[in-house]
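Peer 1: My structure is below; once you've seen it, I'll send some questions.
Coordinate-derived values only; no laboratory data. Keep in mind the model is a prediction, meaning the values are calculated, not measured. With ideal geometry, Cβ positions are generated from the backbone for all residues, glycine too; neighbour counts draw on all protein chains shown.
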C-alpha cells in the first residue's frame, strides 16, 4: 500500500545502515562511552558553536520528553504547553505519570503566542492563592509543531525572554527539527534555536535514523546526575553505540540537512498535487505535514489504497487527515498518489 501515514514508516537512511554494518565488529565500551557517541557529540557541539553543550542519546521522543521535563522540574512544578502539543495530546499522560501536570495554553495552528504566555504567568503570580496550585516551571515548545507550523527566530527569542523573566525554563521538542530548519520559511539555525532554550532535542527517528534522539543541554546546564536518571528510568542502552553511530553519520558532511531538504522538496511537490486535485486544506504548512479535509466517503475510498493519519473529526461527515512525507518519499510515490487522487 502507498503510505503517507507518517515520517518513520521505513527503516533508516542507507548511509546509516552502511555505517552500522561497517562498524559491527568493532569492540567498544558500553552505555554511550564509545568513540562513535563521543564523535557525534563533538560534531553536534561544533554545529552549535557550543563546546560546553551536554548531549545524551535516547531511543525515542516520548522517552526523551518525559526524562528531560521531569528532570528539569521541581516536584511542585508543571509544564506549560500548547493544548495541541505532543505531550498534551499524544503521549498517553507520560508527563503526568512522572508526577508533573501539563498546563495547557491557547494555541493557533499548533503555536503558542508570546502574549498568552506572558498573560498566564502574570496572572499566576498575581493570584494570592497560587501556593495552593501547581507552579509553572517550564515552557514546552515544538519546532515544528504538531501541525507542521514553525516559530520564527523573533518568536522564540520573545518566548525565551518572557520565560526568563518568570524563572521558567524553555524546552523544545525537535522530533522533526531538520524539516523545520530546512523549510524555506524558516529564519532559524540550530545554533540560534539552542540560544533560545534551556534544552532541546534533535530528532533522529523521524529524520533518517533507525531510531534515536539527541537531547542537548546548551551551555553545560544539564540537570544534576542526568546520566544516572537515564539509567534509573530504564532508558540507558548498553549498546549505546547504536545511537552514536547514527548521529555521527547524520552530522557528517551535512547529511542531516541534506536529507531534510530533500523531504521539504517532496513536500512542496505534494502540496502542488493536492492543490491540483482540488483538495481542501485544513492547514497548509511549510514543512513535511499537510492537513486535508475529506468527506468521510472519500476518506474511506482513499484509505483502501493510501495509508493516511486520522487527525480529527470536525463534524459528522468530514475527517481531517494528515499526509506526511519524509526523507524516503520518492517522486514515484507522489506520482502514484496523483493517479489515485
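Peer 1: Which whole-angstrom value gives the distance between the alpha carbon centres of segment 56-119 and segment 20-55?
Peer 2: Cα centres, segment 56-119 to segment 20-55: 28 Å.
Peer 1: Starting from the Cα of residue 224, step 7 Å along the direction of its Cβ; do the same at residue 131; then give the gap between the two resulting points in nm.
Peer 2: Taking the simple label geometry, residue 224 and residue 131 are separated by 2.4 nm.
Peer 1: Grab the Cα-Cα distance for residue 232 and residue 108, subtract it from 0.36 nm times how many residues apart they are, and report the gain in nm with one decimal.
Peer 2: The span from residue 232 to residue 108 would gain 40.9 nm if fully extended.
Peer 1: Does segment 112-196 come out rounded, prolate or oblate by the C-alpha gyration tensor, with a ≥ b ≥ c the root eigenvalues, rounded set by a/c under 1.5 and, if not, prolate when a/b is larger than b/c and oblate if not?
Peer 2: prolate
Peer 1: So what's Rg/Rh here for segment 19-91, counting alpha carbon atoms and using the Kirkwood radius for Rh?
Peer 2: Taking Rg over the Kirkwood Rh, I get 1.08.
Peer 1: I've got another one for you. I need to check one value: relative contact order of the chain, counting alpha carbon pairs closer than 8 Å and at least 6 residues apart, in percent.
Peer 2: Normalised by residue count, the contact order of the chain is 26 percent.
Peer 1: What's the extension gain from residue 165 to residue 184 if we count 0.36 nm per residue and subtract their Cα-Cα distance?
Peer 2: Extra length available between residue 165 and residue 184 comes to 3.7 nm.
Peer 1: Take the alpha carbon gyration tensor of segment 152-196, find the square roots of its eigenvalues, order them as a ≥ b ≥ c, and report rounded if a/c is under 1.5; if not, report prolate when a/b exceeds b/c, else oblate.
Peer 2: Prolate shape, in that a/c is at least 1.5 and a/b is the bigger ratio.
Peer 1: Simple spin-label model, 7 Å along Cα-to-Cβ: residue 192 to residue 296 in nm?
Peer 2: 4.6 nm
Peer 1: Which number do you get for Rg(Cα) / (2.2 N^0.38 Å) in segment 113-161?
Peer 2: 1.36
Peer 1: Among rounded, prolate and oblate, which fits segment 196-305 when a ≥ b ≥ c are the square roots of the eigenvalues of its C-alpha gyration tensor, a/c under 1.5 means rounded, and a/b larger than b/c means prolate?
Peer 2: It is prolate, given that a/c is not under 1.5 and a/b is the larger ratio.
Peer 1: Can you tell me which of 251, 226, 135 moves the most in a GNM of the chain? Springs connect C-alpha atoms under 10 Å apart.
Peer 2: 226
Peer 1: Please report the Cα spread of segment 269-341 along all three principal axes, rounded to whole Å, starting with the longest.
Peer 2: Principal-axis extents of segment 269-341 (Cα, largest first): 34, 25, 20 Å.
Peer 1: Then there's this: To the nearest 500 deg cm²/dmol, what mean residue ellipticity at 222 nm is calculated for the chain from DSSP H runs of n ≥ 4 alone, each contributing -39,500 (n - 2.57), summed and divided by the residues?
Peer 2: My calculation for the chain gives -11500 deg cm²/dmol from helical runs alone.
Peer 1: How far is it, in nm, from the label point at residue 317 to the one at residue 76 when both lie 7 Å from their Cα along the line to the Cβ?
Peer 2: That separation, rounded to one decimal, is 5.5 nm.
Peer 1: With springs connecting C-alpha atoms under 10 Å apart, model the chain as a Gaussian network and identify which of 314, 29, 51 has the largest mean-square fluctuation.
Peer 2: 314
Peer 1: Moving on. Please state, to two decimals, what the Cα-based radius of gyration of the chain comes to when divided by 2.2 N^0.38 Å (N = residues).
Peer 2: That works out to 1.01 for the chain.
Peer 1: Between residue 124 and residue 152, how high is the FRET efficiency from 1/(1 + (r/R0)^6) when r is the Cβ-Cβ distance and R₀ = 41 Å? Nearest 0.05.
Peer 2: Efficiency, from the Cβ-Cβ distance: 0.95.
Peer 1: On to the next question. Let me know the volume per residue of the alpha-carbon convex hull for segment 57-141, in Å³.
Peer 2: 93 Å³
Peer 1: Let me ask another. For a footprinting-style exposure proxy, rank 190, 1 by other Cβ within 10 Å, fewest first.
Peer 2: 1, 190
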